[in-house]
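*Asks:* To start, I am sharing the structure in question, which I have written as structure tokens.
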């Protein structure tokens with residue numbers, strides 16, 4: 001009698017399809033509301049700029065008027081200007097989530113960090129790179145992937161460059177990678193493989209191509225997520241093509257192929273330029289292994305297995321010292337400390353320790369004074385990097401992101417809260433917490449010139465975080 005009440009396979013399929021259609025409809029409506037909010041805000045910005053220019057050209061670039069319901073912005077001049085371009089890559093200059101440009105504030109006001117500006121943005125999981133007074137990101141706006149440049153002082157949109165492309169799935173829509181800045185040029189990769197080299201000042205296209213079709217590769221289940229890496233005269237990307245087209249280097253000025261190597265199905269980890277065992281190399285984590293490549297020609301230096309359930313590797317490795325690096329993945333995998341040794345022109349990799357004390361899903365850890373701090377399936381955890389032993393497991397921040405700065409951890413929770421935690425291996429201590437963004441926040445924060453940049457698929461904000 002009980003079994004007769006269970007849905008039959010045909011009926012179950014209809015129910016599942018109905019639920020998916022309802023989800024898709026709700027998601028589409030939500031996206032439409034966001035697109036409209038961005039369009040309305042940008043139209044208002046343009047009207048204000050035109051009105052201001054007509055009355056006083058000298059102040060045409062003044063800060064746009066405050067939106068209703070937002071905290072009062074601080075004077076933009078209160079944040080010190082950066083001495084040079086610093087945060088030009090995903091997760092910072094070394095892609096390791098550390099901020100060392102200047103000291104940051106470690107006694108946050110009760111109401112939170114001072115707001116510089118906040119405004120609606122397009123959909124997606126990209127982070128921000130910062131250079132020459134502009135913040136760069138990539139967004140989904142209706143049927144277009146849009147690279148946008150924002151004035152870091154005011155939030156005013158300086159330029160956009162777009163192309164027709166779109167990606168959607170149950171985890172969320174839009175592009176995932178972060179534009180990379182290099183010497184006046186911006187390298188942006190969309191979710192479906194569209195790569196563009198843009199003039200960072202004007203947004204004009206220098207060259208472009210689709211890295212998937214160019215290399216006979218299929219898109220990943222959750223789309224292209226590895227940010228482009230600039231090494232010397234090359235831009236390195238991870239299309240994951242077979243027949244020696246998994247890792248590809250293009251000439252950064254022309255887009256011409258320089259080398260194509262390996263056959264791995266790729267994952268979601270951005271390539272890194274590192275030095276291990278005295279050899280400068282490109283560190284790559286694919287769906288099944290981690291390996292080092294010679295930047296000049298792509299030849300393989302060493303390889304070590306790192307396979308996970310369904311090949312889902314997302315978090316960035318961390319260089320520990322001249323020979324060792326830390327790596328972690330979620331989905332039941334865990335973490336490991338690996339060592340690279342050299343003998344003449346030969347390199348070998350070995351695992352020093354491995355355990356399940358840290359499982360970084362898509363939330364990369366950071367290293368501070370010999371200890372790894374990261375989100376172990378959403379719970380902040382500290383490990384001794386030399387032994388893998390857990391020191392403590394503390395606050396719940398969901399699948400958020402972490403930056404290490406001034407002996408502290410700046411934690412962005414997946415609900416949009418910013419927290420300040422002491423980087424102390426002896427105990428977990430949260431110093432402060434406040435609501436910084438509205439809605440689900442998986443995007444990695446960025447810091448440049450004493451300003452903290454945060455965004456999600458609804459809004460982007462900048463807070464003053466420089467030490468007084």
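*Asks:* Of 417, 430, 459, which residue is farther than 20 Å from residue 121 by Cβ, modelled with pLDDT of 95 or more and not assigned by TED's automatic domain parsing to the domain that holds residue 152?
*Replies:* Only one candidate qualifies: 430.
*Asks:* Of everything in segment 85-117, what is more than 19 Å from the chain's Cα centre (by Cα) and outside any loop (DSSP other than H, G, I, E, B)? Give them in sequence order.
*Replies:* 104, 115, 116, 117
*Asks:* With respect to residue 340, determine if the residue is surrounded by fewer than 22 Cβ atoms within 10 Å (Cβ to Cβ) and either at pLDDT 95 or above or closer than 30 Å to residue 252 by Cβ (or both).
*Replies:* Considered against the rule, which asks whether it is surrounded by fewer than 22 Cβ atoms within 10 Å (Cβ to Cβ) and either at pLDDT 95 or above or closer than 30 Å to residue 252 by Cβ (or both), residue 340 comes out as no.
*Asks:* Please work out if residue 444 is part of a loop (DSSP other than H, G, I, E, B), closer than 17 Å to residue 92 by Cα, in contact with a strand residue (DSSP E or B) (Cβ under 8 Å, 6 or more places away or on another chain) and at pLDDT 95 or above.
*Replies:* yes
*Asks:* Next question. Looking at 112, 97, which one is surrounded by 23 or more Cβ atoms within 10 Å (Cβ to Cβ) and either touching a strand residue (DSSP E or B) at 6+ places or on another chain (Cβ under 8 Å) or modelled with pLDDT of 95 or more (or both)?
*Replies:* So the residue among 112, 97 that is surrounded by 23 or more Cβ atoms within 10 Å (Cβ to Cβ) and either touching a strand residue (DSSP E or B) at 6+ places or on another chain (Cβ under 8 Å) or modelled with pLDDT of 95 or more (or both) is 97.
*Asks:* Any residue in segment 423-438 that is in contact (Cβ under 8 Å) with a residue 60 or more places away in the chain and over 23 Å from residue 373 (Cα atoms)?
*Replies:* No: zero hits.
*Asks:* What number of residues in segment 341-384 are in a strand (DSSP E or B) and in contact with a strand residue (DSSP E or B) (Cβ under 8 Å, 6 or more places away or on another chain)?
*Replies:* Within segment 341-384, residues that are in a strand (DSSP E or B) and in contact with a strand residue (DSSP E or B) (Cβ under 8 Å, 6 or more places away or on another chain) number 26.
*Asks:* Name, by its number, the condition in (1) more than 19 Å from residue 284 (Cβ to Cβ); (2) crowded, with 16+ Cβ neighbours inside 10 Å; (3) out of contact with any strand residue (DSSP E or B) (no Cβ under 7 Å at 6 or more places or on another chain) that does not hold for residue 170.
*Replies:* (2)
*Asks:* Any chance you could count how many residues in segment 343-370 are farther than 16 Å from residue 316 by Cα and either modelled with pLDDT of 95 or more or surrounded by 15 or more Cβ atoms within 10 Å (Cβ to Cβ) (or both)?
*Replies:* Of the residues in segment 343-370, 14 are farther than 16 Å from residue 316 by Cα and either modelled with pLDDT of 95 or more or surrounded by 15 or more Cβ atoms within 10 Å (Cβ to Cβ) (or both).
The rows are residues; the columns are (1) out of contact with any helix residue (DSSP H, G or I) (no Cβ under 9 Å at 6 or more places or on another chain); (2) farther than 30 Å from residue 327 by Cα; (3) modelled with pLDDT under 95.
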site	(1), (2), (3)
59	no, yes, yes
68	yes, yes, yes
76	yes, yes, yes
80	yes, yes, yes
93	yes, no, no
102	yes, no, no
105	yes, no, no
118	yes, yes, no
121	no, yes, no
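*Asks:* Would segment 422-440 turn up any residue that is over 13 Å from residue 104 (Cα atoms), assigned to a strand (DSSP E or B) and under 18 Å from the mean Cα position of the chain (by Cα)?
*Replies:* no
*Asks:* In segment 198-229, which residues are in a strand (DSSP E or B) and under 13 Å from residue 138 (Cα atoms)?
*Replies:* Once the filter is applied, which keeps residues that are in a strand (DSSP E or B) and under 13 Å from residue 138 (Cα atoms), segment 198-229 yields only 198.
*Asks:* Give me the pairs, please: first residue somewhere in segment 313-324 and without any contact (Cβ under 8 Å) to a residue 60 or more places away in the chain, second residue anywhere and surrounded by fewer than 19 Cβ atoms within 10 Å (Cβ to Cβ) and in a loop (DSSP other than H, G, I, E, B), beta-carbon distance under 7 Å, and either six or more positions apart or on two chains.
*Replies:* Once the first residue is without any contact (Cβ under 8 Å) to a residue 60 or more places away in the chain and sits in segment 313-324, no partner that is surrounded by fewer than 19 Cβ atoms within 10 Å (Cβ to Cβ) and in a loop (DSSP other than H, G, I, E, B) comes close enough.
*Asks:* Of the residues 461, 466, which is buried (at least 24 other Cβ atoms within 10 Å of the Cβ), within 22 Å of residue 151 (Cβ to Cβ) and in contact (Cβ under 8 Å) with a residue 24 or more places away in the chain?
*Replies:* Every option except 461 fails the conditions.
The values are calculated or read from the model by the stated rules, or taken from the named source; none is laboratory data. It should be emphasised that the depicted structure is a prediction, and the values quoted were computed from it without experimental measurement. With ideal geometry, Cβ positions are generated from the backbone for all residues, glycine too; neighbour counts draw on all protein chains shown.
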